[in-house]
Structures are given as C-alpha cells and as structure tokens.
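**Student:** Before I ask anything, here is the structure I am working with.
The values are calculated or read from the model by the stated rules, or taken from the named source; none is laboratory data. Here the structure is a predicted model, which is why all the values come from computation and not from measurement. Cβ placement follows ideal geometry from the backbone for every residue including glycine, while neighbour counts extend to all protein chains displayed. Areas reflect the complete protein model, heavy atoms only, side chains present, ligands, DNA and RNA absent. Shrake-Rupley method; radii C 1.70, N 1.55, O 1.52, S 1.80 Å.
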Amino acid sequence: MPPVAETTLGVKGDFPIFTRRFDGHELIYLDSASTSQKPAVVIEAVAEHLRSHNANIHRGVYPLAQEADAAYDGARERVAAFVGAGEQATIFTKNVTEAINLVAYAWGRANVGPGQAVLITQMEHHANIVPWQVLCRERGAQLRYLEVDERGELSLQALERELARGDVALVAFAHVSNVLGTINPVAAMAARVRAAGAVSLVDGAQAVPHMPVDVEAIGADFYAWTGHKALGPTGVGVLHGRREILEAMEPFLTGGDMIASVDFQSATWNELPAKFEAGTPMIAEAVGLGAAVCYLSEVGMERVRAHERELTAHMLEALAQVPQLRVVGPPEAERRGGLASFTIEGIHAHDIAELTARRGVCIRAGHHCAQPLMRCLGVAATARASVGVYSEPEDIDALVDALSAARQVFELR
Ligand SMILES: Cc1ncc(COP(=O)(O)O)c(C=O)c1O
C-alpha cells in the first residue's frame, strides 16, 4: 500500500530553533539540504553525554569509561540498524566528504591504475568529484562522467555502455542530487556495476535524512552519508562498506585505536570497524546522531518521505506561478527529493536569497558545490529551497510571497 501523504508531520515544536525571530519574522528554514535543524532530543543527548557520561572510549576500565563505550557502540548499533547495514561494516567518519576520501585513498590507491577509469556523473557534489580527480591524476587513470539528460536524469543504458568498455574500476554516484533533486535508481545502478566486475559507491547525503534507505537492499559496495543533514550534530558522517572489501583494504588514517599491535618498525591493524577509526573519534557527535536516527525512526521514514513528496509537489506548483522562474531537474515530485533549485530571469540567485532572507526565509544560493553541473545547466548559480521533517506548506507559501516581493524590488513584470 502506498504511504499516506501528509502535508505536516506536526513536529516543528520539537525543534527549539524555530522560536527564534529575525527582524520580527519567524524563521522559515528552507535550507535543510545544506544542514538540518536539530530536535531537542538530539541537543539533549549530546549535552547529557558530555554532562554525565564523558570519558574516552575503548581504553578505560572504570565504570564511567564503560558508559562512554556503551554510548558510542550503541550509537553505531542504532545508526547501522537505521539503514539496514552491518555494525562492523559501519564506520564513523567526520562527514560524507571524509567517507568518500577514505574510499578514494584506501581502496582507490590500491585498486585503480593506468588503463583504468573511475566513472562518476555530471550531477555530483564536489565531495564526490574532487577525491576521484586527485586519485585519477595520481594513479594515471581516466575520470569519466555519465551525462545528465535534459530532465536531470541519468541513463542506465549509458551506464551499461560505459561499463562495456571494460576499463571501469569504480562508479560513484549520488542517491539524490543536491541540485536537481533527482532520485537515482541506485539499486539498479549498483547491480549493473557489480555485474561488470567494478565497485560502486553511493553518496547518500541527500537521501538518508529524507526517505527509507536500506543499504543491504541497494547492494552498493560503499554507501556514505553525513550526520548533520540527518538531524544529527556536525562532525559525524558514516561509511557503510561491503565487509570483505573493507577487510582487504589498508587503513586510511593511522594511529591510536586502529592498531592490533605496534612494534618499533611496524604495526598490525585492528578489526573492523576500528581499523578505519584512528584516534579519539567524535564520541558525543556519534551519540547525537544515534539520538537523531531514533527520532527519525519514531516519526517513521515512510511518513517523512510521503510528507516531503507532498511538500515538493506543492513547492513545484507554487513556484510555477512565479513569472520567469525556471526550476531545474525532473518535473514530477515523485522523481525528486525535497528540494527545488531555480533561477529567475533578471535576478541573480544571490539577490534572490538575500531578498527572501529579509522576510526570514532562508534559502541557499550559489553553485551548491556542483560547479560541473552548473556548467551543464548553463547557469552560474541557482537559488535552492529544500525541506525537512519540520517543514510545512506555509513555509513554501512564505517563500513564494518573498519571491514576489523580490520581483517587485527588481521591477520585473
Ligand atoms: C550530495 C552531497 N554530497 C556530499 C555533500 C557534502 O557533505 P559534507 O560537507 O557533510 O561532507 C553534500 C552536502 O551538501 C551533498 O549534498
């Protein structure tokens, strides 16, 4: 049965930041694709950990240290379960950027070389472009791009054609584009990559906070995401990997906690996941992320997706009423995550964002860390409105009013 669509989840009151006022205006936060706001339970989980359970992990034998161990390990358990991944193959990183770099360095340097290629797509965030550029330059490999069509979608046939060339070592692609909003067919893509004997990496930064994600069912070799967009604190990200691949990999960063033993000239590595978590990790942040995924699970990810799809449909309809406004990406809300990037002829994207901000409406403007995609779209920048669990239809209405006011400032007809 399809999930029931809801235009409000009624959870805004769980997020203390929405009591703030800016020049007398309510906070209308439509920048969740940049980072999400945090519910009180997450803020309190971090504070309570620091207040009452703080000690370093995996080192102490005293009860307080054991509490800290349990809090950190418990957070991993929750985070892994949230996306149907194995705990041992769930590694905490600083963010999704570090997770992708981990793969590019630890897997890429050992497995990509001259005569081989890394395939990414034109819709990637810089976090899923630059690590591959650096890897390919260093290892004498080729970096190739899957094209984005005029609807803002990828083609499975084009992926098959690229794989058929026989030289692709790794394919990396976004689950949901942070500019176009496109939801990519990641399970079908991962299956084709696997059938071709290559390794796949999915950047799930814009998917995990907004829809049910089952890492096991998607079947990619690596799936990475970032905590701060998923109601968690900054400073914590996640990499899920296929266990046998992670086991075969050399570490990324080295030092304390990731070793089994150290001699004067050499060392051996700890088991997963510790092998990839050198040094004291982001303990309180991981605890906060654990609380965030519990909160999201309680709301229910099917409901979150249904809610955001409804809001997106409303947003697309409302934006279509604004003259000279062009939304990029697939026209159907069904095909996209909860965001819309757009241009208005005659107003620069930065001016749009600045003018909406005067009414308390926070949207993002710029290249959204996707400069190659901006070139494909033939624009220097777009404005982007993006929703989260706390967003409501009134937020979209406030945006549209603010856009009409902005058009008046620029005397557009
Ligand atoms: C699709 C995508 N990938 C990667 C990132 C980078 O996230 P972080 O800065 O948390 O590493 C973002 C953030 O905007 C994103 O939207």
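**Student:** Of the residues that sit in the range 380-413 and are open to solvent by less than 10 Å² (accessible area, probe 1.4 Å) and not hydrophobic (A, V, I, L, M, F, W, C), which one is farthest from the chain's Cα centre (by Cα)?
**Tutor:** The residue in question is D395.
**Student:** Where in the range 206-305 are the helices (runs of 4 or more DSSP H), entirely inside, with at least 1 residues that are within 15 Å of the ligand (Cβ to nearest atom)?
**Tutor:** Those helices (runs of 4 or more DSSP H) span 283-299.
**Student:** Scan the range 235-267 for residues that are closer than 22 Å to N56 by Cα and surrounded by fewer than 17 Cβ atoms within 10 Å (Cβ to Cβ) and jot them down.
**Tutor:** Within the range 235-267, L253, T254, G255, G256, D257, I259, A260, S261, V262 meet the criteria.
**Student:** Given A196, A190, A174, which one is in contact with a strand residue (DSSP E or B) (Cβ under 7 Å, 6 or more places away or on another chain), open to solvent by 10 Å² or more (accessible area, probe 1.4 Å) and either charged (D, E, K, R) or modelled with pLDDT of 95 or more (or both)?
**Tutor:** Being in contact with a strand residue (DSSP E or B) (Cβ under 7 Å, 6 or more places away or on another chain), open to solvent by 10 Å² or more (accessible area, probe 1.4 Å) and either charged (D, E, K, R) or modelled with pLDDT of 95 or more (or both) holds for just one of A196, A190, A174, which is A196.
**Student:** Considering only residues that are away from the ligand (no atom under 16 Å from the Cβ), of a type in the set (V, I, T) and within 22 Å of the chain's Cα centre (by Cα), look in the range 18-41 and name the one that is nearest to Y390 (Cα to Cα).
**Tutor:** I28
**Student:** If you check A89, A71, A81, which single one turns out to be more than 16 Å from the ligand (Cβ to nearest atom) and closer than 12 Å to L289 by Cα?
**Tutor:** When all the criteria are applied, what remains is A71.
**Student:** Restricting the first residue to the range 97-116 and requiring it to be touching a residue at least 24 places away in the same chain (Cβ under 8 Å) and open to solvent by less than 20 Å² (accessible area, probe 1.4 Å), which pairs with a second residue that is in a helix (DSSP H, G or I) and within 16 Å of the ligand (Cβ to nearest atom) meet a Cβ separation below 6 Å and a spacing of at least six or different chains?
**Tutor:** Once the first residue is touching a residue at least 24 places away in the same chain (Cβ under 8 Å) and open to solvent by less than 20 Å² (accessible area, probe 1.4 Å) and sits in the range 97-116, its partners that are in a helix (DSSP H, G or I) and within 16 Å of the ligand (Cβ to nearest atom) give I100/A127; I100/N128; I100/P131; A104/P131.
**Student:** Then there's this: Using the structure shown, decide if R336 is within 30 Å of K94 (Cα to Cα), open to solvent by less than 10 Å² (accessible area, probe 1.4 Å), in contact with a strand residue (DSSP E or B) (Cβ under 7 Å, 6 or more places away or on another chain) and not small (G, A, S).
**Tutor:** So R336 passes the test.
**Student:** Also, I was wondering about something else. For the range 151-162, check the following and say yes or no: at least one residue is under 25 Å from G366 (Cβ atoms), among the basic types (K, R), surrounded by fewer than 24 Cβ atoms within 10 Å (Cβ to Cβ) and more than 16 Å from the ligand (Cβ to nearest atom).
**Tutor:** Yes, that holds for at least one residue.
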